[in-house]
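Have a look at the structure below, then the notes.
The values are calculated or read from the model by the stated rules, or taken from the named source; none is laboratory data. Please read all numbers here as calculations on a predicted model, not as lab measurements. In this analysis, Cβ positions are derived from the backbone assuming ideal geometry, glycine residues included, and neighbour counts consider all displayed protein chains. In case anyone asks, the SASA skips ligands and DNA or RNA and just uses the protein heavy atoms, side chains included. Shrake-Rupley method; radii C 1.70, N 1.55, O 1.52, S 1.80 Å.
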Amino acid sequence: MKRHELREQVFRLLFQAEFHPAQDMPRQMRLFVEDNEAIGSQKDADYIETRCQAICREIPGIDKLIDENTIGWDTGRMGKVELAVLRLAVYELRFDEDIPAGVAIDEAVGIAKLYGQENSGGFVNAILAKIVKVPAGNL
């Protein structure tokens with residue numbers, strides 16, 4: 001799979017995490033990769049699962065950073081699509097040095113437009129534009 005496709009699969013798995021208790025997620029991850037025809041290899045499945053686990057471990061800090069950079073919104077009020085996209089993008093911005101900030105933001109906006117509501121892309125872009133300016137040590 002290409003990196004874009006992997007990112008989209010990670011987003012889809014993160015989205016599912018919003019609907020399951022944390023203790024059920026290992027099972028949900030296994031089911032996700034087993035039942036997903038788009039995932040063509042074990043290497044891709046392992047990447048998706050590992051990336052999702054890494055993001056889930058960082059959710060408290062990621063959500064705090066998101067909350068600190070929104071006005072009138074917090075992670076508890078956001079749509080599940082937008083929240084999953086933001087968590088993925090913030091993880092990439094803060095923890096993945098191989099992904100340029102512009103790529104992380106562009107990919108997040110694209111996923112938000114594809115899966116979210118009409119204004120989801122602009123919403124995600126505005127928040128990430130603020131977050132990218134915050135010094136890296138603030139997570």
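Mean sequence separation of contacting Cα pairs (under 8 Å, at least six apart), scaled by the length of the chain, corresponds to a relative contact order of 24 percent.
May I ask you to give the solvent-accessible area per residue for the chain, in square angstrom, as obtained with a 1.4 angstrom probe?
55 Å²
May I ask you to list the GluC sites (Glu not before Pro) in region 1-58 that are in a DSSP loop and have at most 16 other Cβ atoms within 10 Å of their Cβ? Qualifying residues, ordered by number: Glu18, Glu37.
Helix 120-131 and the longest principal axis of the Cα set of the chain meet at an angle near 70°.
Name the residue from Pro21, Val90, Ile111 whose Cα lies farthest towards the positive end of the charge dipole of the chain, charges +1 on Cβ of Lys and Arg and -1 on Cβ of Asp and Glu. So the residue we want is Val90.
Summing Cβ point charges (Lys, Arg +1; Asp, Glu -1) relative to the Cα centre of region 1-138 gives a dipole of roughly 200 debye. Between Ala38, Ala112, Ala17, the Gaussian network model of the chain with springs among Cα atoms under 10 angstrom shows the greatest mean-square fluctuation at Ala38.
Checking the a/c ratio against 1.5 first, then a/b against b/c, what shape does the Cα gyration tensor give for region 46-139? Since a/c stays below 1.5, the shape of region 46-139 is classed as rounded.
State the volume of the convex hull built on the alpha-carbon positions of region 1-96, expressed per residue in Å³ and rounded to an integer.
94 Å³
If you wrap the Cα atoms of region 1-56 in a convex hull and average its projected area over all directions, you get 3.4 nm². Separation of region 6-73 and region 97-115, taken as the distance between their Cα centroids, equals 15 angstrom.
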